[in-house]
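Contents: one structure, followed by commentary.
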Amino acid sequence: MTSARHRAFIAPRLLGSLTAIAILPVYVALRGAPGPLEAVVFGWLITPILVVYFLSRTGRYEMAHVLSSLALTVLVTADHGFIDAPAAQRIALDDHPLLAATLAQPLSGERRAAYCHVRPGQARNFEDYVRNELGEQALVFASDSLIEAGWFGPGEAHPSLRSRVGDYVLLMQAATTIKDWMPGERRHNMIGVHGGASADEMLVPLVVIEP
């Protein structure tokens with residue numbers, strides 16, 4: 001039983017490592033010396049042969065499994081999710097001059113979560129315009145309320161955070177985006193966006209590939 005279990009463990013790992021070793025000369029002949037990334041990949045592919053050697057010398061099957069998992073486990077993730085922004089749901093600020101007139105400076109932040117620095121005395125006009133003209137396309141939040149609620153992360157807020165996020169945050173709904181184009185800026189379509197509060201943007205998958 002033990003012998004069969006060891007053979008079942010050793011065979012695929014030995015085959016994989018020997019295949020990588022056999023391919024290496026062909027790769028070098030066709031592509032030249034591997035670069036740093038290729039060298040790491042080849043090293044990773046050959047590592048199982050060391051685990052096979054360990055098991056054949058010690059017979060410690062459980063420890064060999066642990067070493068194999070440590071050597072071969074692959075984690076795949078990202079720093080955020082993404083959504084597609086249809087052209088019909090892209091808002092250009094210059095199509096809303098009355099809204100632009102309430103701002104002290106261009107929008108900043110993300111197309112999905114725009115930071116708004118409002119002119120003194122224009123807060124009421126800003127809020128009314130967003131609620132009346134953008135309707136369900138955007139929700140408006142006082143930036144201070146989001147800071148206090150921890151939207152920008154845990155712990156004490158950096159002293160410069162409030163100046164960076166402005167007076168209000170426009171949190172775009174569905175797949176809507178808003179963009180404030182600068183004079184002379186080449187206009188382009190950005191399909192993939194992030195920064196909003198939808199599940200597709202906030203939930204990041206973690207894929208674990210184990211031997």
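All of the numbers you see were taken from the coordinates with simple rules; none came from a lab. In this text the structure is predicted, and so the values were computed from the model without any measurement. Cβ coordinates were reconstructed from backbone atoms using ideal geometry, including for glycine residues, and neighbour counts include every protein chain displayed.
Give the angle, between 0 and 90 degrees and rounded to the nearest 10, that separates the Cα long axis of helix 2-31 from the longest principal axis of the Cα atoms of the chain.
Long axis of 2-31 versus the principal axis of the chain: about 70 degrees.
Express in whole angstrom the spacing between the alpha-carbon centres of region 1-75 and region 101-121.
Rounded to whole Å, the Cα centres lie 55 Å apart.
For the chain, take the longest principal axis of its alpha carbons; what is the angle in degrees between that and the long axis of helix 48-58, to the nearest 10 within 0 to 90?
Tilt of helix 48-58: around 50 degrees.
Restricting to Cα pairs below 8 Å that are 6+ residues apart, what does the relative contact order work out to for region 83-202? Please round to a whole percent.
Once normalised by length, the contact order is 41 percent.
Taking 30 Å as R0, compute the FRET efficiency from the Cβ-Cβ separation of Trp151 and Ser69 and round it to 0.05.
0.20
Count charges around Ile147 for me, please; just the other residues with Cβ under 14 Å from its Cβ, Lys/Arg as +1, Asp/Glu as -1.
-2
Can you give the helix-only mean residue ellipticity at 222 nm for the chain, where every DSSP H stretch with n ≥ 4 adds -39500 (n - 2.57) and the sum goes over all residues, rounded to the nearest 500 deg cm²/dmol?
Mean residue ellipticity, 222 nm, calculated: -12500 deg cm²/dmol.
Work out Dmax and Rg for region 2-72 from the C-alpha atoms and quote the Rg first, both in angstrom.
Looking at region 2-72, its Cα Rg and Dmax stand at 13.8, 43 Å.
Could you give the length gained by full extension between Leu203 and Phe54, i.e. 0.36 nm per residue of separation minus their alpha carbon distance, to one decimal place? Present the calculation step by step, with values, prior to reporting the outcome.
Numbers: separation 149, 0.36 × 149 = 53.64 nm, distance 3.99 nm.
So the extension gain works out to 49.6 nm.
Please compute the net charge surrounding Asp94, taking Lys and Arg as +1 and Asp and Glu as -1 over other residues with Cβ under 10 Å from its Cβ.
Net charge around Asp94: -1.
What's the extension gain from His188 to Leu24 if we count 0.36 nm per residue and subtract their Cα-Cα distance? Spell out each step's value before the answer.
Values: separation 164, 0.36 × 164 = 59.04 nm, distance 4.34 nm.
That works out to 54.7 nm of additional length.
Grab the beta carbon distance between Arg131 and Thr77, set R0 = 30 Å, and tell me the FRET efficiency rounded to 0.05.
0.20
When the Kirkwood radius is taken over all Cα pairs of region 91-169, what Stokes-Einstein diffusion coefficient follows at 25 °C and 0.890 mPa s, in µm²/s? Spell out each step's value before the answer.
Working: Rh = 13.1 Å.
It diffuses with D of about 187 µm²/s by this estimate.
Step by step: find N for the chain, compute 2.2 N^0.38 Å, then divide the Cα radius of gyration by it. What's the final number?
1.63
Output the relative contact order of the chain, whole-number percent, from Cα pairs under 8 angstrom with separation of 6+ residues.
28 percent
Taking 0.36 nm per residue of separation and subtracting the Cα-Cα distance, what length does fully extending His6 through Arg124 add?
Residue separation times 0.36 nm, minus the Cα-Cα distance, leaves 35.1 nm.
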